[in-house]
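First comes the structure, then the notes that go with it.
The values are calculated or read from the model by the stated rules, or taken from the named source; none is laboratory data. What you see is a predicted model, and the numbers here were worked out from it, not measured in a lab. All Cβ positions, glycine included, derive from the backbone under ideal geometry; neighbour counts span all protein chains shown. Just the protein is used for accessible areas: all its heavy atoms, side chains included, with ligands, DNA and RNA removed. Shrake-Rupley method; radii C 1.70, N 1.55, O 1.52, S 1.80 Å.
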Amino acid sequence: MSGAKEIVIVDDSKERSLNASKEAGSNGSGDANGTRAVGADGPSAVRRRLPDERHSLTHHFSVGGQEGYVTVGLYEDGLPGELFIRMAKEGSMVSGLMDSFATAVSLALQHGVPLRVLCDKFSRPRFEPSGWSGNPKIGYAKSLMDYLFRWLELRFLKGEQGLLFELPRPAQPQSEVTSVVEGLRHIAELGDAPACQFCGSLMVRNASCYRCMECGSTSGCS
């Protein structure tokens, strides 16, 4: 009696795919489904450094009793490329956090992150210190972050437009009043009052008729 032979057919392509998936999961370059991590072999970010000598702009701010200075380093085309934030209270926790945050923003700007994106992301957060900034273009600031990025938006994206508190316009010079009728015309709306048939001045309503304030004549009533 001859023995039965068992024949096993293995799909080599599926086996290689399974082994590659296991290797990717073991070395951390992929997920459980074998998908390669985004940016694992992608192009590295290019940093655009500022020149050794550059123009800068320094601005003083005060929010909720916390004073400081923000200095913005500029590229040759006038766009901001770095940020330095110096608080009045050196060595404090707020000073250290703002200094570290300014470094992160500077690196983001130099690696091509648009200023518009940063302003939209970091404007309007609410935390202490907050309060009136004394800057009529900004007014109430919800936080130091809110003030700084709203100022950056006004200065570099809007050209300092959109004032919250505009100065009152100068009053228009009024014409010299030479008669009682002209004075009344500035105070009250006389409507369709007729002109006096004797002196030509504008008449005013008197009960059911009109009376001239210049010569005292009426339009028919006593």
Practice item. Return yes when F61 is touching a Cys at 6+ places or on another chain (Cβ under 8 Å), crowded, with 17+ Cβ neighbours inside 10 Å and at negative phi and no when it is not. Key: no
Practice item. Being surrounded by 10 or more Cβ atoms within 10 Å (Cβ to Cβ), outside any strand (DSSP E or B), in contact with a Gly (Cβ under 6 Å, 6 or more places away or on another chain) and modelled with pLDDT of 55 or more narrows it down to one of R54, R48, so name that one. Key: R54
Practice item. Could you please give the count of residues in the stretch 190-222 that are outside any loop (DSSP other than H, G, I, E, B), at pLDDT below 75 and open to solvent by less than 40 Å² (accessible area, probe 1.4 Å)? Key: 0
Exercise for review: Go through (1) within 20 Å of the chain's Cα centre (by Cα); (2) surrounded by fewer than 14 Cβ atoms within 10 Å (Cβ to Cβ); (3) at negative phi; (4) touching a residue at least 40 places away in the same chain (Cβ under 8 Å) one by one and return the number of the condition V117 breaks.
Suggested key: (4)
Revision key, fill the gap. When every residue in the stretch 79-106 that is in contact (Cβ under 8 Å) with a residue 40 or more places away in the chain and within 21 Å of E53 (Cβ to Cβ) is compared, the one surrounded by the most Cβ atoms within 10 Å (Cβ to Cβ) is P80
Exercise for review: Residue by residue through the stretch 144-168, note down the ones that are assigned to a loop (DSSP other than H, G, I, E, B) and either touching a Leu at 6+ places or on another chain (Cβ under 8 Å) or modelled with pLDDT of 90 or more (or both).
Suggested key: E160, Q161, G162
Review point. Condition test on F127, is it open to solvent by 60 Å² or more (accessible area, probe 1.4 Å), more than 19 Å from L57 (Cβ to Cβ), touching a Leu at 6+ places or on another chain (Cβ under 9 Å) and free of Cβ contacts under 8 Å to residues at least 40 places away in the same chain?
Key: yes
**Study point:** Test: residue in the stretch 107-126 that is out of contact with any Phe, Trp or Tyr (no Cβ under 6 Å at 6 or more places or on another chain) and among the polar types (S, T, N, Q)
**Key:** yes
Review point. Does S106 satisfy the criteria of being modelled with pLDDT of 90 or more, within 22 Å of S44 (Cβ to Cβ) and out of contact with any helix residue (DSSP H, G or I) (no Cβ under 9 Å at 6 or more places or on another chain)?
Key: yes
